[in-house]
1. Any idea how many residues of region 583-594 are touching a Leu at 6+ places or on another chain (Cβ under 6 Å), crowded, with 24+ Cβ neighbours inside 10 Å and not in a strand (DSSP E or B)?
2. So if I check each of S415, S389, which one is within 28 Å of the chain's Cα centre (by Cα), assigned to a strand (DSSP E or B) and at negative phi?
3. Of the conditions (1) buried (at least 23 other Cβ atoms within 10 Å of the Cβ); (2) at pLDDT 95 or above; (3) touching a Ser or Thr at 6+ places or on another chain (Cβ under 9 Å), T501 satisfies every one except a single condition; which number is it?
4. In region 240-254, which residues are of a type outside the set (D, E, K, R), within 21 Å of the chain's Cα centre (by Cα) and more than 17 Å from C310 (Cα to Cα)?
5. So how many residues does region 305-344 have that are in contact with a strand residue (DSSP E or B) (Cβ under 7 Å, 6 or more places away or on another chain) and assigned to a loop (DSSP other than H, G, I, E, B)?
6. In region 557-570, what count of residues is obtained for those that are open to solvent by 60 Å² or more (accessible area, probe 1.4 Å) and in a loop (DSSP other than H, G, I, E, B)?
7. Restricting the first residue to region 544-556 and requiring it to be open to solvent by 20 Å² or more (accessible area, probe 1.4 Å), which pairs with a second residue that is small (G, A, S) meet a Cβ separation below 9 Å and a spacing of at least six or different chains?
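The values are calculated or read from the model by the stated rules, or taken from the named source; none is laboratory data. Small disclaimer: the values here were computed from a predicted structure and weren't measured. Backbone-built Cβ (ideal geometry, glycine too); neighbour counts: all protein chains shown. Accessible surface areas use protein heavy atoms only, side chains included; no ligands, DNA or RNA. Shrake-Rupley method; radii C 1.70, N 1.55, O 1.52, S 1.80 Å.
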Amino acid sequence: MNTYNSLAAPARTLRLWPGVVIVILLWASSLVPGWIIPGTMEHMLIMMFGGIAMQVAFLVWWLFFTRISWADRLGILGVAIAMGLMAYLLSDNSYQNMFFLMFVPSMVMTAAVGWLFLSQKMSWPTRRVGLVLAVLATFGFYTAIRLEGTDGYFTQTLSFRWNPSAEETYLARADAAKLTAKTASVDSVKPLELQAGDWPGFRGVNRDSRLTGVSINTNWKDNPPRELWRHDVGPGWSSFCVVGDRVFTQEQHDQKEAVVCYDANTGKTIWVHHDAERFWDPIGGAGPRATPTFSEGKLYTMGSKGRLNCLDAATGNKLWSRSIVDDSKAKIPDWGFSSSPLVVKNIVTVFCGGPEKKDGEAKEPHDTSVLAYRADTGEPAWTSGNGGSSYSSMQPSRLNDIEQLIVAAGDGLTSFDPANGKQLWNYEWKLDDGINRVVQPTILSDTDLLIGTGFGLGTHRVHVTYDGSKWEPTNVWSTNAFSPYYNDLVIYKDHAYGFDTGKLICVSLKDGKRMWKERGYDNGQVLLIADQGLLLVQCEKGDVALVEASPDKCKELARFKALDGKTWNHPVIANGKLFVRNDRVAACFELKMEAGKKE
């Protein structure tokens, strides 16, 4: 009799207002930082720990301050926990990660408080049943959906799990020959040679996304870029390498990573090389991250799990292959290996991060952050560096008239002699664990360069001197006005142009002062057409825009819709053609060329 009375406690005894306040604060901690301080470390911390704090507060309120019977408090909580465990086990594997723990309890809290608020005039037994059903429906929803990744603002893309994914749709429609082909069938093809106007790898010849000797017609209203071809591709965030009438990229083909060669004029597949590897992460999804590199008739590629290949660029035939995980004992990074191979002086280098640290082990120097191989044979040449984690690639440079390779990693900037891996100098700017550098170091002159870091940590200008025996890097200025994360920047006439927390930005190289910052481009990528002082901006949502590279203001000249969906891949202009892609579609557009003034 007592148990029955306790279960039938009247609704008026429920103290609801603290729960309402907690849910309001929960959503405020989730949404407001994205409006005020987007893309910063504070934004991430508030989202993560704010949500956890509100979940704890909700639990305290429910157990100690609701005033309902203990039977209801413990019984409903126990049912909710059981539902949550079952939902987690039944959820799609794309959601069995931090996203479930961060977001699903918050949605359950919101549904519970929402129902209790709307049902205040109902009897308690009715409200109790409705509360259980609201919690069940919320958990049930998250067993029915699939996470398709997030954009640069960490906004999730969801779909019902019974609907085919974009990758499944691609695999169902893809040409069977493309998915099963290994290499070209003809071995006597003439070797490819690099010509003027080609784009031999990640961000071009100097890895600076700078195009010279070319001028395009900017009147896209009357002369818009003409689409030459468009077709589905497998997922991946590789950009393009273009040599003559061949264009190379990397994709995921089901359980195989693919290096694909397309005809630049028609988009038809010429050859495909496969490796039995598959990488996936909840934010970026499946597929390779690095861009192929062309050198001396060969194509060098890096897979997301560390497979370094050297292929005949004309046929796709494998010449040699290495596992950088086996060679360095490195851990596969959370977002996959992303270092595009760099070839200098017949040495191919990649960044791997060094051996995996076991729990409880001291963090000892390892000298294997960078691996170097003989470009012709694949034999190890040298290992060097202890720079921690990074998703950046090796950057060729010539400072103080000495050729060197530079990498931006967790410890800062490190320079290496390309011949033997000797460390020439190090600029120390250490990051906390869990924060990674992604963008390329930016060479400004024979003595100066930039290193930028996301999450609001800013950018440093570094000056490097050499007296014949000793290198000395020093800080010229630091600014928090510009914090590039995975969006590389370009340099034009004493100003840097790039992205900061989802906005296109211009910063003075003299003092790091921000000149302007403009919305409307989200977290995209930028390419400089130097002879015209133009920025070709690949917007995150698929648009391509032309913007004047001017410190006075952001002046957009033209824009067109090139792709649909999240686009993080770098755009390429080669031989009068614009190549763009994302994790679903690749397209090529012919640009009308014209004589233009030099910068």
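1. The total comes to 0.
2. Numbers: S389 fails: assigned to a strand (DSSP E or B).
When all the criteria are applied, what remains is S415.
3. (2)
4. Of region 240-254, the ones of a type outside the set (D, E, K, R) are 240-244, 247-250, 252-253.
When the remaining residues are screened for being within 21 Å of the chain's Cα centre (by Cα), the result is 240-241, 248-250, 252-253.
Matches in region 240-254: Q252, H253.
5. Taking region 305-344 as the starting set, the residues that turn out to be in contact with a strand residue (DSSP E or B) (Cβ under 7 Å, 6 or more places away or on another chain) are 306-313, 315-324, 327-330, 334-337, 339-344.
Still in the running and assigned to a loop (DSSP other than H, G, I, E, B): 306, 313, 315-317, 329, 334-337, 339-341.
Residues that pass the stated criteria total 13.
6. If we filter region 557-570 for residues that are open to solvent by 60 Å² or more (accessible area, probe 1.4 Å), which is where we start, we get 557, 559, 561, 564.
So of that shortlist, the ones also in a loop (DSSP other than H, G, I, E, B) come out as 564.
Number satisfying all stated conditions: 1.
7. Here the result reads E548/G533; S550/G533; P551/S508; C554/G520; E556/G520; E556/A545, each pair linking region 544-556 to a residue that is small (G, A, S).
Listed here are the residues, each with its yes/no results for (1) open to solvent by 10 Å² or more (accessible area, probe 1.4 Å); (2) at pLDDT 95 or above; (3) under 30 Å from V189 (Cα atoms); (4) within 13 Å of the chain's Cα centre (by Cα).
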| site | (1), (2), (3), (4) |
| --- | --- |
| F279 | yes, yes, no, no |
| I283 | yes, no, no, yes |
| Y300 | no, yes, yes, no |
| A314 | no, yes, yes, no |
| R322 | yes, yes, yes, no |
| F337 | no, yes, no, yes |
